[in-house]
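Novice: Next up is a structure, given as C-alpha coordinates.
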Amino acid sequence: MTGSKLTTWEFFRDFIVDNIHVIPSWMYWAAALTFVGGSVLFWTIVGKTKGVVYAARLFSLLYIVLLFSTTVIFRETHLAPECKFQPFWHYRDIRQGINVEVLLPDVVLNVLVFIPVGLALCLSFNKHRWLIPLIGFCISVAIELLQYHFLKGCTDVDDVIHNTLGCLFGCVIYWAAAALCRKCAPKSAK
(Lines give C-alpha, C1' and ligand atoms only; values in the text may rest on other atoms or scores of the structure.)
Protein backbone atom coordinates (compact mmCIF):
# COMPACT_ATOMS: atom_id res chain seq x y z
CA MET A 1 0.00 0.00 0.00
CA THR A 2 1.42 3.33 -0.98
CA GLY A 3 0.27 6.11 1.27
CA SER A 4 1.54 9.49 2.12
CA LYS A 5 4.09 9.57 4.89
CA LEU A 6 2.89 11.25 8.06
CA THR A 7 4.86 14.15 9.42
CA THR A 8 5.99 13.96 13.02
CA TRP A 9 3.29 16.43 14.05
CA GLU A 10 0.57 14.40 12.29
CA PHE A 11 1.81 11.20 13.89
CA PHE A 12 1.67 12.66 17.41
CA ARG A 13 -1.67 14.36 16.74
CA ASP A 14 -3.19 11.09 15.52
CA PHE A 15 -1.66 9.16 18.41
CA ILE A 16 -3.09 11.59 20.98
CA VAL A 17 -6.54 11.71 19.38
CA ASP A 18 -6.68 7.90 19.09
CA ASN A 19 -5.46 7.18 22.63
CA ILE A 20 -6.54 10.08 24.85
CA HIS A 21 -9.62 8.20 26.05
CA VAL A 22 -7.49 5.25 27.23
CA ILE A 23 -5.65 7.26 29.89
CA PRO A 24 -7.71 7.73 33.09
CA SER A 25 -8.48 11.38 33.82
CA TRP A 26 -6.92 11.16 37.29
CA MET A 27 -3.54 10.66 35.61
CA TYR A 28 -3.90 14.00 33.81
CA TRP A 29 -4.73 15.70 37.08
CA ALA A 30 -1.89 14.02 38.97
CA ALA A 31 0.60 15.04 36.30
CA ALA A 32 -0.72 18.58 36.15
CA LEU A 33 -0.82 18.98 39.94
CA THR A 34 2.71 17.66 40.29
CA PHE A 35 4.07 19.79 37.47
CA VAL A 36 2.33 23.06 38.36
CA GLY A 37 2.73 22.68 42.12
CA GLY A 38 6.38 21.67 41.89
CA SER A 39 7.14 24.45 39.42
CA VAL A 40 5.47 27.12 41.52
CA LEU A 41 7.23 26.02 44.71
CA PHE A 42 10.56 25.84 42.88
CA TRP A 43 10.08 29.35 41.47
CA THR A 44 9.10 30.65 44.90
CA ILE A 45 12.25 29.24 46.46
CA VAL A 46 14.59 30.35 43.67
CA GLY A 47 13.07 33.79 43.38
CA LYS A 48 10.97 35.46 40.75
CA THR A 49 12.37 37.03 37.64
CA LYS A 50 10.48 38.54 34.74
CA GLY A 51 10.97 35.37 32.67
CA VAL A 52 9.70 33.19 35.51
CA VAL A 53 6.56 35.30 35.81
CA TYR A 54 5.90 34.93 32.07
CA ALA A 55 6.50 31.18 32.34
CA ALA A 56 4.08 31.03 35.29
CA ARG A 57 1.46 32.82 33.22
CA LEU A 58 2.00 30.36 30.38
CA PHE A 59 1.66 27.37 32.74
CA SER A 60 -1.43 28.97 34.29
CA LEU A 61 -2.95 29.22 30.85
CA LEU A 62 -2.00 25.63 29.97
CA TYR A 63 -3.44 24.32 33.24
CA ILE A 64 -6.68 26.23 32.67
CA VAL A 65 -6.88 24.78 29.14
CA LEU A 66 -6.39 21.30 30.66
CA LEU A 67 -9.07 22.12 33.20
CA PHE A 68 -11.56 23.23 30.52
CA SER A 69 -10.76 20.24 28.31
CA THR A 70 -11.37 17.67 31.05
CA THR A 71 -14.43 19.38 32.53
CA VAL A 72 -16.14 20.50 29.33
CA ILE A 73 -14.67 19.25 26.06
CA PHE A 74 -14.01 15.55 26.79
CA ARG A 75 -17.04 14.90 28.97
CA GLU A 76 -20.04 12.87 27.97
CA THR A 77 -22.86 14.90 26.45
CA HIS A 78 -26.25 14.71 28.18
CA LEU A 79 -29.65 14.91 26.52
CA ALA A 80 -30.80 17.81 28.67
CA PRO A 81 -29.05 20.28 30.98
CA GLU A 82 -28.60 19.20 34.60
CA CYS A 83 -28.56 21.95 37.22
CA LYS A 84 -28.27 22.03 40.99
CA PHE A 85 -28.55 25.56 42.32
CA GLN A 86 -28.96 24.70 46.01
CA PRO A 87 -25.73 25.60 47.83
CA PHE A 88 -24.09 22.96 50.05
CA TRP A 89 -26.38 20.13 48.96
CA HIS A 90 -23.32 17.84 48.82
CA TYR A 91 -22.80 18.24 52.57
CA ARG A 92 -26.46 17.64 53.38
CA ASP A 93 -26.50 14.41 51.36
CA ILE A 94 -23.13 13.24 52.75
CA ARG A 95 -24.32 13.91 56.32
CA GLN A 96 -27.48 11.89 55.59
CA GLY A 97 -25.43 9.05 54.08
CA ILE A 98 -26.81 9.51 50.57
CA ASN A 99 -24.39 8.55 47.79
CA VAL A 100 -21.33 9.27 49.98
CA GLU A 101 -18.97 7.16 47.82
CA VAL A 102 -19.64 9.50 44.86
CA LEU A 103 -20.21 12.86 46.56
CA LEU A 104 -17.23 12.91 48.93
CA PRO A 105 -14.62 12.32 46.19
CA ASP A 106 -16.46 14.90 44.05
CA VAL A 107 -16.09 17.54 46.79
CA VAL A 108 -12.42 16.71 47.40
CA LEU A 109 -11.51 16.67 43.70
CA ASN A 110 -13.32 19.96 43.04
CA VAL A 111 -11.17 21.57 45.73
CA LEU A 112 -7.92 19.84 44.70
CA VAL A 113 -8.10 20.66 40.98
CA PHE A 114 -8.19 24.39 41.72
CA ILE A 115 -5.26 24.47 44.16
CA PRO A 116 -2.78 24.71 41.24
CA VAL A 117 -4.88 27.54 39.80
CA GLY A 118 -4.40 29.51 43.01
CA LEU A 119 -0.68 28.68 43.15
CA ALA A 120 -0.02 29.64 39.55
CA LEU A 121 -2.14 32.78 39.67
CA CYS A 122 -0.32 33.93 42.82
CA LEU A 123 2.97 33.59 41.05
CA SER A 124 1.63 35.39 37.99
CA PHE A 125 -0.29 38.22 39.66
CA ASN A 126 1.12 38.62 43.15
CA LYS A 127 0.65 42.41 43.17
CA HIS A 128 -3.12 42.05 43.00
CA ARG A 129 -3.64 39.34 45.62
CA TRP A 130 -7.27 40.18 46.27
CA LEU A 131 -8.10 39.46 42.60
CA ILE A 132 -6.79 35.88 42.61
CA PRO A 133 -9.73 34.15 44.36
CA LEU A 134 -12.06 36.26 42.20
CA ILE A 135 -10.28 35.04 39.05
CA GLY A 136 -10.60 31.45 40.33
CA PHE A 137 -14.31 32.07 40.94
CA CYS A 138 -14.74 33.46 37.40
CA ILE A 139 -12.94 30.47 35.86
CA SER A 140 -15.19 28.11 37.79
CA VAL A 141 -18.35 29.97 36.77
CA ALA A 142 -17.18 29.90 33.14
CA ILE A 143 -16.72 26.13 33.34
CA GLU A 144 -20.18 25.64 34.84
CA LEU A 145 -21.82 27.88 32.22
CA LEU A 146 -20.06 26.02 29.41
CA GLN A 147 -21.14 22.70 30.90
CA TYR A 148 -24.72 23.96 30.92
CA HIS A 149 -24.55 25.34 27.38
CA PHE A 150 -22.92 22.26 25.85
CA LEU A 151 -24.86 19.75 28.01
CA LYS A 152 -21.68 18.45 29.67
CA GLY A 153 -21.86 17.33 33.28
CA CYS A 154 -24.00 19.01 35.89
CA THR A 155 -24.06 22.77 36.43
CA ASP A 156 -23.67 23.01 40.19
CA VAL A 157 -23.32 25.88 42.64
CA ASP A 158 -21.35 23.60 44.98
CA ASP A 159 -18.72 23.09 42.27
CA VAL A 160 -18.18 26.85 42.09
CA ILE A 161 -17.89 27.03 45.89
CA HIS A 162 -15.43 24.12 46.04
CA ASN A 163 -13.36 25.37 43.10
CA THR A 164 -13.09 28.85 44.63
CA LEU A 165 -12.11 27.29 47.96
CA GLY A 166 -9.40 25.28 46.16
CA CYS A 167 -8.09 28.44 44.51
CA LEU A 168 -8.00 30.13 47.91
CA PHE A 169 -6.13 27.14 49.41
CA GLY A 170 -3.61 27.44 46.57
CA CYS A 171 -3.13 31.11 47.45
CA VAL A 172 -2.62 30.28 51.12
CA ILE A 173 -0.07 27.58 50.24
CA TYR A 174 1.80 30.02 47.99
CA TRP A 175 1.79 32.85 50.54
CA ALA A 176 2.91 30.49 53.33
CA ALA A 177 5.73 29.07 51.17
CA ALA A 178 6.80 32.58 50.12
CA ALA A 179 6.80 33.79 53.75
CA LEU A 180 8.80 30.73 54.83
CA CYS A 181 11.31 31.30 52.03
CA ARG A 182 11.71 34.96 53.03
CA LYS A 183 12.14 33.98 56.66
CA CYS A 184 14.70 31.26 55.88
CA ALA A 185 16.61 33.26 53.28
CA PRO A 186 20.07 34.33 54.48
CA LYS A 187 20.28 37.99 55.41
CA SER A 188 22.63 39.92 53.17
CA ALA A 189 25.23 42.06 54.87
CA LYS A 190 24.60 45.77 54.60
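Novice: Starting from the range 77-104, take each residue that is surrounded by fewer than 11 Cβ atoms within 10 Å (Cβ to Cβ) and list its partners that are of a type outside the set (V, I, T) and modelled with pLDDT of 85 or more, counting only C-beta distances under 6 angstrom and pairs at least six apart or across chains.
Specialist: Hits for this filter: T77/L151.
Novice: S69: within 15 Å of the chain's Cα centre (by Cα) and touching a residue at least 24 places away in the same chain (Cβ under 8 Å), yes or no?
Specialist: No; evaluated as a whole, the condition is false for this residue.
Novice: Which condition number in (1) in contact with a helix residue (DSSP H, G or I) (Cβ under 7 Å, 6 or more places away or on another chain); (2) closer than 30 Å to Y54 by Cβ; (3) of a type in the set (A, V, I, L, M, F, W, C); (4) in contact (Cβ under 8 Å) with a residue 12 or more places away in the chain is the one that L109 fails?
Specialist: (1)
Novice: Continuing with this model, one more query. Any idea which of Y174, Y148 is touching a residue at least 60 places away in the same chain (Cβ under 8 Å), aromatic (F, W, Y) and touching a strand residue (DSSP E or B) at 6+ places or on another chain (Cβ under 6 Å)?
Specialist: Just a single option satisfies the conditions, and that option is Y148.
Novice: Looking at C154, C167, C122, which is the one that is within 23 Å of A55 (Cα to Cα) and either surrounded by fewer than 19 Cβ atoms within 10 Å (Cβ to Cβ) or at pLDDT below 90 (or both)?
Specialist: C122
Novice: To continue, here is another question. Under the condition of being touching a Leu at 6+ places or on another chain (Cβ under 8 Å) and under 17 Å from L131 (Cβ atoms), which residue from the range 170-179 is modelled with the lowest pLDDT?
Specialist: Among those that are touching a Leu at 6+ places or on another chain (Cβ under 8 Å) and under 17 Å from L131 (Cβ atoms), it is Y174.
Novice: Here's something else I'd like to know. For the range 74-95, name all the residues that are over 18 Å from L109 (Cα atoms) and among the aliphatic types (A, V, I, L, M).
Specialist: Within the range 74-95, L79, A80 qualify.
Novice: What helices (runs of 4 or more DSSP H) completely inside the range 82-161 contain at least 1 residues that are within 15 Å of the chain's Cα centre (by Cα)?
Specialist: By residue number, 100-112, 115-124, 131-149.
The values are calculated or read from the model by the stated rules, or taken from the named source; none is laboratory data. Just so you know, these numbers come straight off a predicted model, no measurement behind them. Every residue, glycine among them, receives a Cβ derived from its backbone with ideal geometry; neighbour counts consider all protein chains shown.
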